[in-house]
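Working notes for the structure below.
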Amino acid sequence: MSLTAALVYARHGIPVLPVHAPDPRGGCTCDKGVLCPSPGKHPHLRHGLTEASTDPRLIEQWWARWPGANVGLRTGVIMDVADVDSAEGWHGLCHLLGGDLPSGPRVRTGGGGWHFWFAPLGYGNRVRLLPGLDWRGAGGYVVAPPSRHASGGDYRWVLRPGRSLPGGPPALRALIEGPAPQPDHRPIAHPSRYARAALTAEADRVARAPVGTRNDTLNRAAFALGRFVGAGLLDSAEVTRELEDAARFAGLGRAEIRGTLRSGLTAGRRAPFDPELNRHVA
Ligand SMILES: [Zn+2]
């Protein structure tokens with residue numbers, strides 16, 4: 001059942017990743033079992049989120065291996081998600097939206113919280129945006145229906161996707177945009193040199209991507225480099241040319257390359273790289 005759902009999400013362009021499920025005997029399906037600090041909520045894949053994919057063949061392989069996996073969805077691509085886990089968070093979100101609930105898709109999480117879907121705002125995750133409210137954006141993921149929660153409940157749709165996603169009103173944007181404390185991150189000394197190195201590394205990765213991962217690798221590279229373009233550290237035409245050459249070398253078709261490049265670059269530009277925060281999405 002979760003495979004069917006995963007394929008539908010992927011068909012709508014949402015990168016999917018298999019997530020560990022709660023073990024019916026308690027704890028998590030991962031090696032830590034009952035000692036797992038995050039049962040049913042963390043990825044199966046070694047590289048976690050960065051391996052999320054819309055490739056149906058890859059998704060089928062994952063679910064053949066882990067048929068009972070929960071479904072994780074990468075945020076910041078097709079949607080951002082307001083993750084509400086208390087009444088306080090619910091009221092805070094309503095307040096930001098001028099007293100209304102968001103009009104878009106809504107999930108009741110198995111743990112008693114809610115997920116509200118928005119059009120991507122172009123920012124990363126913000127943990128504790130308000131008490132009881134986390135924001136999942138670029139570089140984040142959520143667990144989605146029909147996954148199971150460690151408490152025994154299921155993630156269910158209250159309002160299904162299908163209509164257009166609401167954008168964020170100014171108050172919400174302003175809060176997300178606000179200074180996020182990053183005490184452990186040192187600024188990068190030479191941002192433009194860093195960006196050039198990233199261009200070389202990403203093009204190389206795309207050129208050598210094995211069949212089955214090529215389109216996904218290209219998408220990730222376009223997103224990562226689009227962030228440098230958004231920050232004015234790389235030239236859009238140059239990035240396009242380099243990645244096109246690399247993808248053609250890897251054997252991808254022109255039409256596929258063009259579509260993937262465009263969407264990856266656009267998404268990346270909306271989340272410009274900030275050397276002060278030293279957060280490189282590789
Ligand atoms: Zn676990």
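Every number here is computed from the coordinates shown, using simple stated rules; none is lab data. Predicted model, so just to flag it, every value in this text is computed and none were measured. Every residue, glycine as well, gets a Cβ built from its backbone with ideal geometry; the counts of neighbours run over all protein chains shown.
Relative to the longest principal axis of the Cα atoms of the chain, the long axis of helix 2-11 lies at roughly 40 degrees. Charge tally for Val211 (other residues, Cβ to Cβ under 12 Å; Lys, Arg +1; Asp, Glu -1): +1. If you wrap the tightest convex hull around every Cα atom of the chain and split its volume per residue, you get 136 Å³. Which angle from 0 to 90°, rounded to the nearest 10, does the C-alpha axis of helix 254-269 make with the longest principal axis of the chain? The angle comes out at about 70 degrees.
Provide the three semi-axes, in whole Å and in decreasing order, of the ellipsoid equivalent to region 1-54 as defined by the square roots of 5 times the Cα gyration tensor eigenvalues. Each semi-axis is √(5λ); the values are 24, 13, 6 Å.
Diagonalise the Cα gyration tensor of region 191-269 and give the resulting equivalent ellipsoid semi-axes, square root of 5 times each eigenvalue, largest first, whole Å.
Numbers: eigenvalues 74, 32, 18 Å².
Calculated on Cα positions only, the semi-axes equal 19, 13, 10 Å.
Specify the residue with the greatest mean-square fluctuation among Gly40, Gly264, Gly111, computed from a Gaussian network of the chain linking alpha-carbon atoms under 10 Å apart. Greatest mean-square fluctuation among the candidates belongs to Gly111.
Given the DSSP H assignment, sum -39500 (n - 2.57) over each helix run of at least 4 residues in the chain and divide by its residue total; what's the result at 222 nm in deg cm²/dmol, nearest 500?
Per the formula, -11500 deg cm²/dmol.
Distance from the C-alpha centroid of region 100-117 to that of region 33-57: 22 Å, rounded to the whole angstrom.
Taking the longest Cα principal axis of the chain as reference, the axis of helix 236-250 is set at about 90 degrees.
Residue-wise HN-Hα couplings along region 43-55, as the Karplus relation 6.51 cos²θ - 1.76 cosθ + 1.60 with θ = phi - 60° gives them from phi, are x, 5, 6, 4, 9, x, 3, 5, 8, 3, 9, 9, 7 Hz; Gly and Pro carry x. Springs between Cα atoms under 10 Å define the GNM used for the chain, and in it the highest mean-square fluctuation of Pro105, Pro37, Pro145 occurs at Pro37. For region 191-269, the relative contact order works out to 42 percent when only alpha carbon pairs closer than 8 Å and six or more residues apart are counted.
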